[in-house]
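Every number here is computed from the coordinates shown, using simple stated rules; none is lab data. Note that this is a predicted model, so its numbers are computed, not measured. Note that each Cβ is placed from the backbone with ideal geometry, even for glycine, and that neighbours are counted across all protein chains shown.
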Amino acid sequence: MSKSTRMITARRRAIAVALVIGLAATSATAYGANVPAPKAEEPAHSDIKEAPGPFSVLLPPPEIDPDSPAAKQYLSFKHDLTEKVDAHSLLADQVKAHGYTKGWAGTIVDTENNSLTVHWKGEAPAEYRDSLAKQPYGVRVDLKEGAKFSRIEEKAAVERVVSDERAENGWNVVGAGAMPDGSGIKVYVTTNSMRSQDQDALAETAQVDATDVKYEFEERAPTLTSRSVSNPPWRGGIRTESSGEGCTSGYAALLGSAGRLLSAAHCRIGGSTTHDGRTIATASNHFYRSEVDLLAMDPSASPATQPKVYVGHWSSSQIRGVRNWSSNNVGDDVCGSGATLGTKCGKITMDDYAYPGLQGSWYIRARNNGLGMVAQGDSGGPVYDTYANGEKQARGIILAGHTTQWTCQDRNSDAGGAQCFSTLIYLPISVALNKFGYSLEVD
């Protein structure tokens, strides 16, 4: 190797990067740069007032319009703070929402130890420091100050990289994301060696030092495409077909009181979307936000949808209700429920991810070790966390799989020789709802 070439130090992995072919590339803007300041509202439920200081007032997630139906719905949810799902997600959401423009850099959730590690650029405001020391919502918080970058700065750097024309044609970038400790960005590339001048150019584009960029090797693989028998009203987790290509339905959502069924935009190839030979939605009743690979269907049936998802094995008939929705944080336990692989679970490893061809840097990476977390045909399916009674907290819509590709062993036979991946990529449910102006249909 020449002296002008630096080896990328990240461990080499066989990977699948599911880039959606044919999606219109959109110029990305810095996350939060043009988003109005969140509107504070008094919580509709008394239990949250246990939280000290600024966290006694709830704010919606900063990635959504504060006046949107989704934001108003988020503020109306009641929470049971004896449930770890609620305590952890609520506190992590509020730390992000309150601190987003004040230096917050990232949050890492540790469900096993009932704790959060919160990273901050510079010093956190005194009222935040004091409040977090009091274990709001009963969760221990380790506040680490002095991060080099805020999350807003990292996301802006990520979006500058993936929106550059050299990202795919020259640098071989397939994705990038914000480091949760505020130390810089991670860039995923399809070469295990990268010329020093390319690394320097990428860092210059990101407007960070070269030492602030970490690299990880990944190989390209096909886009994810393609439960067995269900009936309307339609639910999440069923197998869908469009022009012979199979996918999975996501969550039921509401436009006012009218039911809609979410999925991934690349799932609809043409014509109607069907399930087991029955029409879910006709050709004219599909609506797209292709810039984030999102599809909404207006089903023909009445009632159209139901706030439930299929869970368990790919052949399972078990369904569970959807209680509410929340944002995503590194360390969260989440599961995807696809029509090919069934329910598979792992932990979030990156909560602000981007890749060329799609808008924004809000995508989520989650991973399990060696079991396979998603397969071809699971696209469009629901991602969730789980309450003690089995109800689901919606987290997102499956888009793609990365890392360690192999032929799935236990899979839906309708999916043929589907490939499995150990890393799941999904669109946050907050962004999905906000893009269409929907609220989530909940039990």
Calculate the dipole size of the stretch 122-213 relative to its Cα centre from +1 charges on Lys and Arg beta carbons and -1 charges on Asp and Glu beta carbons; express the result in debye to the nearest 20.
340 debye
Lysine pairs in the stretch 62-147 8 or more apart or on different chains: how many have alpha carbons under 25 angstrom apart?
17
Quick one: 3J(HN,Hα) in Hz for the stretch 171-177, Karplus 6.51/-1.76/1.60 with θ = phi - 60°, rounded, Gly and Pro as x.
8, 6, 7, 10, x, 7, x
Only four residue types carry charge here, +1 at the Cβ of Lys and Arg and -1 at the Cβ of Asp and Glu. Report the dipole size of the stretch 312-414 about the Cα centre in Debye, rounded to the nearest 20.
60 debye
Rg/Rg_globular for the stretch 234-440, with Rg_globular taken as 2.2 N^0.38 Å and Rg from C-alpha atoms:
0.91
Amide H neighbours of residue 376 at under 5 Å, excluding residues fewer than 5 places away on the same chain, with H built from the backbone geometry, are 419
Which net charge results when you count Lys and Arg as +1 and Asp and Glu as -1 among the other residues whose beta-carbon is under 13 Å from that of residue 127?
+1
Summed residue charge, Cβ within 14 Å of residue 298's Cβ, Lys/Arg positive, Asp/Glu negative:
+1
Once phi is turned into θ = phi - 60°, what whole-Hz ³J(HN,Hα) does the Karplus curve with 6.51, -1.76 and 1.60 give for every residue of the stretch 317-333, x standing for Gly and Pro?
10, 6, 10, 9, x, 9, 7, 6, 9, 8, 7, 10, 9, 3, x, 4, 8
Long-range amide H partners of residue 141 with built H, under 5 Å
116, 135
